[in-house]
1. Out of (1) hydrophobic (A, V, I, L, M, F, W, C); (2) more than 24 Å from the chain's Cα centre (by Cα); (3) not in a loop (DSSP other than H, G, I, E, B), the odd one out for Ala430 is which?
2. Which is closer than 21 Å to Ala331 by Cβ and part of a loop (DSSP other than H, G, I, E, B), of Val222, Val205, Val243, Val198?
3. Among the residues of region 166-195 satisfying the criterion of being in a helix (DSSP H, G or I) and of a type outside the set (Lys, Arg), which is most open to solvent (accessible area, probe 1.4 Å)?
4. Quick one: count up the residues across region 377-391 that are open to solvent by less than 30 Å² (accessible area, probe 1.4 Å) and either among the charged types (D, E, K, R) or modelled with pLDDT under 90 (or both).
5. Among the residues in region 307-322, are any at pLDDT 85 or above and within 25 Å of the chain's Cα centre (by Cα)?
6. Give me the pairs, please: first residue somewhere in region 212-239 and touching a residue at least 60 places away in the same chain (Cβ under 8 Å) and over 20 Å from Leu251 (Cα atoms), second residue anywhere and assigned to a strand (DSSP E or B) and open to solvent by 20 Å² or more (accessible area, probe 1.4 Å), beta-carbon distance under 7 Å, and either six or more positions apart or on two chains.
7. Restricting to strands (runs of 3 or more DSSP E) lying wholly in region 1-63: which have 2 or more residues that are of a type in the set (A, V, I, L, M) and open to solvent by less than 40 Å² (accessible area, probe 1.4 Å)?
8. Do we have Thr377 as polar (S, T, N, Q), touching a helix residue (DSSP H, G or I) at 6+ places or on another chain (Cβ under 7 Å) and within 28 Å of Ala111 (Cα to Cα) here?
Amino acid sequence: QVQLVVPMAVVFAPGSVPGDLPRPLPFRDVQEMEISVNLRTSVTSRYEMRYRSTTAHEEAALAAATAREADAALYPLQDTTLGSLTMYVVPETSSLLPQGINVYVGKHRSALVRAGGGLAALQARLREVTQVMSFTASSIAAALSDRVPNGQLGPDARRNLKSSLGYEITFSLLNPDPKSHAVDWDIEGAVNRFVKPVLDKLSLVANFSVDSQILYYAVLGVTPRYDKESSSFLLSAHSLPHVINPVEARLGSSAASLYPVLNFLLYVPERSHSPLYIQDKDGAPVSTNAFHSPRWGGIMVYNVEAPASPQASLPLHVDVDMARVMEVFLAQLRLLFGLSREEVPPTFLLENPGNEGLADWELDHLLWAHTVENIATVSTTLTSLAQLLDKIGNIVIKDDVASEVYRAVASVQSAVTELSLGHLLAAFQASKEAVTCSERAFFDPSLLHLLYFPDDQKFAIYIPLFLPMAVPILLSLAKIVRETRLRKKEPTKMD
């Protein structure tokens, strides 16, 4: 049974304290909620709330002109521990929040919340904010998707990548018509400028490696439909799944990879199928001209402008606008990691994380989900190992395998304990250690079940060998027994 504890500070600015507080500030309160996964498993979320008034420094920071400036000024004053949250309650008349906005969620681990009504209304609003900034029932269900009954999962639950110790990201440029297009892309500069800041932030979660390749004469494998009205070619939504398989055979990146591979493909259509646009299910053109595949990656179609004069020399030189391309690929990367912002209530204003690609609280969101998933993975792996050992009675457990199992169990118990204390980073690191040890034990070469034969197989192997040898021995034994009996029956002669 896992308990997720979120340490929370609720800080009241002057003029924002509700009149129906149960006792004078400061005081503590605890709210619990149970997230049911299946009939046997549930996860308890526990919010340990500490109510207090603002300090002089915090009041000065809240006197800023805009919410963004206030968030930047408050950052050095708040608790920045991973998994913790700080809510600053501002008066209803505060000009910090724009009209119609009740909650401003900053780049770090704090939010500005407009006071409204009594304590019950404020707590309901705070509950909404914590759901956005820490974890939701759906994010925990997605992390434990292998244990959730199929009917209870949302359509996007299986889109997120499974928790892993590492990921490999491959950017591929597909140029099916190099005779017509000489495509040039500054992938190294784009990765350093756009991707590296995001991966630096995500380095806490896993190790990342990035590579790129250019594939010539690689076609999509689906013939687009020509549309006379727009004089363009169209790829409909139902044909998109058939695009990936022919292309994937050319990528060759996942064959020798230990970790999940994320593929991001930039496709420059051949001249005979240009311009090429992707349609959604309703037949409307997709604004980004891109689509993503759950747990696989994404593909973007990059159209090249036709030359002004038909006599233009071929191949045309094409310089790819990497800012436009990376904007799409980073949005797809966020989707694959389950960092979508689509479920936010309309009265919430979320700060753009800027170059870093994700806010601090979004990193926590990822760590919560991955920690729970790691604990479940270790539980499944060790259960499978125990079942294997029960089936094969004569299996030999070496000391190093036994020590890995003990370490995995100790680490997973440590992770559960750290979660119940509200120490997210320590819990995540312990869960990663537990996964490593359990996988090492499970896949140890000495536990390969082909090395150990069941008893019926032993009989099948040895009986044909020993039966021909045993027949004369048994017959001889029977003869000796018979002769002994006859000798006993014969009367002894007396002189």
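1. (2)
2. Details: Val222 fails: closer than 21 Å to Ala331 by Cβ; Val243 fails: part of a loop (DSSP other than H, G, I, E, B); Val198 fails: part of a loop (DSSP other than H, G, I, E, B).
The match here is Val205.
3. Of region 166-195, the ones in a helix (DSSP H, G or I) are 187-195.
Going one step further and asking which of them are of a type outside the set (Lys, Arg), we end up with 187-192, 194-195.
Details: Ile187: 22, Glu188: 136, Gly189: 29, Ala190: 4, Val191: 25, Asn192: 88, Phe194: 41, Val195: 3 Å².
Per the stated criteria, the residue is Glu188.
4. Looking only at region 377-391, we keep the residues that are open to solvent by less than 30 Å² (accessible area, probe 1.4 Å), and these are 378, 381, 385.
Restricting the remaining residues to those that are either among the charged types (D, E, K, R) or modelled with pLDDT under 90 (or both) gives 385.
Total meeting the criteria: 1.
5. Checked region 307-322: no residue is at pLDDT 85 or above and within 25 Å of the chain's Cα centre (by Cα).
6. Leu235/Gln279
7. On the way: elements: 2-12, 27-36, 42-53.
Filter on region 1-63 gives 2-12, 42-53.
8. Details: polar (S, T, N, Q): yes; touching a helix residue (DSSP H, G or I) at 6+ places or on another chain (Cβ under 7 Å): yes; within 28 Å of Ala111 (Cα to Cα): no.
Spelling it out, it is not the case that Thr377 is polar (S, T, N, Q), touching a helix residue (DSSP H, G or I) at 6+ places or on another chain (Cβ under 7 Å) and within 28 Å of Ala111 (Cα to Cα).
The values are calculated or read from the model by the stated rules, or taken from the named source; none is laboratory data. These numbers come from a predicted model, not from an experiment. All Cβ positions, glycine included, derive from the backbone under ideal geometry; neighbour counts span all protein chains shown. For accessibility, only protein heavy atoms count, side chains too; no ligands or nucleic acids. Shrake-Rupley method; radii C 1.70, N 1.55, O 1.52, S 1.80 Å.
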